[in-house]
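Okay, so here's the structure we're looking at.
The values are calculated or read from the model by the stated rules, or taken from the named source; none is laboratory data. The shown structure was predicted, so the numbers you read here are calculated from the model rather than taken from an experiment. Glycine also receives a Cβ, built like all others from the backbone with ideal geometry; neighbour counts cover every protein chain displayed. Accessible surface areas use protein heavy atoms only, side chains included; no ligands, DNA or RNA. Shrake-Rupley method; radii C 1.70, N 1.55, O 1.52, S 1.80 Å.
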Amino acid sequence: PPPPPVAAPAQLVEYERLGIGWKQCPSVPYLWQERFFVMKPDGTIHYYTDRDSYVQKFAPKGVINLKDVQQNPSSQNGIFDSVQLMFDKINVHVRSKGNRIYKLKFGTAEEAQAWRDAMYNHLKSIK
């Protein structure tokens with residue numbers, strides 16, 4: 001009989017979550033810029049000008065690293081107060097870059113909740 005087929009190598013997971021959202025510019029006039037967000041399994045959130053930039057493997061416009069999320073020591077909720085959800089917006093408090101607060105928003109409250117949950121799940125695994 002012929003030898004059994006060789007199993008294909010396991011597919012590497014390239015992302016945990018991806019989609020279109022908006023990031024508020026950190027300087028005046030604080031405009032909202034549409035971006036394509038990709039949350040990687042290592043807890044980094046890469047953002048691109050658009051989906052095509054991601055598909056074509058261009059360098060991201062920026063990266064939010066969840067390991068740099070700042071914990072609020074005076075809070076009973078600790079790390080989770082550092083990723084705040086308000087309807088369709090999320091504030092992510094990050095230690096790097098001068099204690100920057102990334103302000104993100106998504107099309108619906110449900111989508112923002114899904115992104116926040118993905119961030120929480122990663123934070124729970126590393127803190």
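Here are the numbers for the structure shown:
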read-out	value
Matching residues in the range 15-69 - criterion: being under 20 Å from M119 (Cα atoms), in a strand (DSSP E or B) and open to solvent by 20 Å² or more (accessible area, probe 1.4 Å)	R17, L18, I20, W22, Q24, E34, R35, H46, V63, N65
The range 99-127, residues that are of a type in the set (F, W, Y) and under 15 Å from L18 (Cβ atoms)	F106, W115
